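Peer 1: Here's a structure for you.
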Amino acid sequence: MSFATTPRPRIEIEPATSPRLEPFVPLPRSRSAPGSLTLMLGGLAVLVVGFALLQIANFVADQFARGPLLGTLTLAIALGGLGLLGLAVWREIAGLFAIAAVDGLRADFASGDAERMRMAARSWLGRLPEGDQYAMIGASAEPAALLGLLRAGPVAMLRSQADALGREAAVQIFAATAAIPSPALDGLLVAWRGIRLVRQVAVLHGLRPGLLGTFALLRRALLSAAGTAAANLAVDTLARAVLSNPLLQHLAGDVAGASVAARRTLVLARVAAAACSPVPDA
């Protein structure tokens, strides 16, 4: 008597791969009415700005009542100050719109439509400081060839330049952190240099973010850095192990902390480049 046996299914285990830095993809938001806090802040802003303008107008009118020359001078000063404030607000709004346009270009490249992708490539290359030398890439007919040329050309160049900026910032942070004895000053230095690095990487990609736009890019970069959390955790664990030794604490304590800060600066430069680039990774 024989029994038929069925072959056992083979279980294949894929080898572990290193995490990639994926660009930030915002989640779709449902349209809803503004909350109470938003309405309160909006009303407070309207009151503050409105009453400030009324006070300026009344002050200018009083100066005109005292004399035409004094009134003209006061009006010129008021218009100059308001013009500078308006220019600053406009730059902030334009920077935020430029960052939002990166999401639109990323959606165009992910659509698979050849004409839509060519238009997105021409639009993106036109914003880059060195995009003229890659102008012919926008004439590529096939979507796969277009993405390949973009990754091998401008994307690789921008990532190389971003890495160079990250190395420069890492050297500065390493030297300053090892030399400054105050942890509070170390934190301020690292925060300031990190924000400046994000802005430099954004300028490489043709963006001109203001203060709000820089913080928005910093948020995107931190969200894109989720894949590097394991590497950062390993470095922090190694640094704590070194610092826990009383003998090595005086010899390598400051150097270990500076090394961790410098390495995080390099990672920040890479994830900032991934957040600013609309071209998806292969």
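Peer 1: Each label point is 7 Å from the Cα along the Cα-to-Cβ direction; what then is the distance between the points at residue 51 and residue 110, in nm?
Peer 2: 4.6 nm
Peer 1: Work out, step by step, the length gained on full extension between residue 38 and residue 208: first 0.36 nm times the residue separation, then minus their alpha carbon distance; give nm to one decimal.
Peer 2: Residue separation times 0.36 nm, minus the Cα-Cα distance, leaves 58.5 nm.
Peer 1: I need the phi-derived Karplus couplings for the stretch 158-171: 6.51 cos²θ - 1.76 cosθ + 1.60, θ = phi - 60°, integer Hz, Gly and Pro marked x.
Peer 2: So the Karplus estimates, Gly and Pro as x, are 5, 5, 5, 5, 5, 4, 5, 5, x, 5, 5, 5, 5, 5 Hz.
Peer 1: Another question, if that's okay. Within 10 Å, count the other beta carbons around each residue, average over each peptide in 107-113, 194-200, and list them highest first.
Peer 2: Going by the mean number of other Cβ atoms within 10 Å, highest first, we get 194-200, 107-113.
Peer 1: Let me ask something additional. Using 1/(1 + (r/R0)^6) with R0 = 25 angstrom and r between the beta carbons of residue 167 and residue 101, what's the FRET efficiency to the nearest 0.05?
Peer 2: 0.30
A short reminder: the numbers here are calculations on the coordinates, not readings from a lab. Small disclaimer: the values here were computed from a predicted structure and weren't measured. FYI the Cβ positions are ideal-geometry reconstructions off the backbone, even for glycines, and counts take in every protein chain you see.
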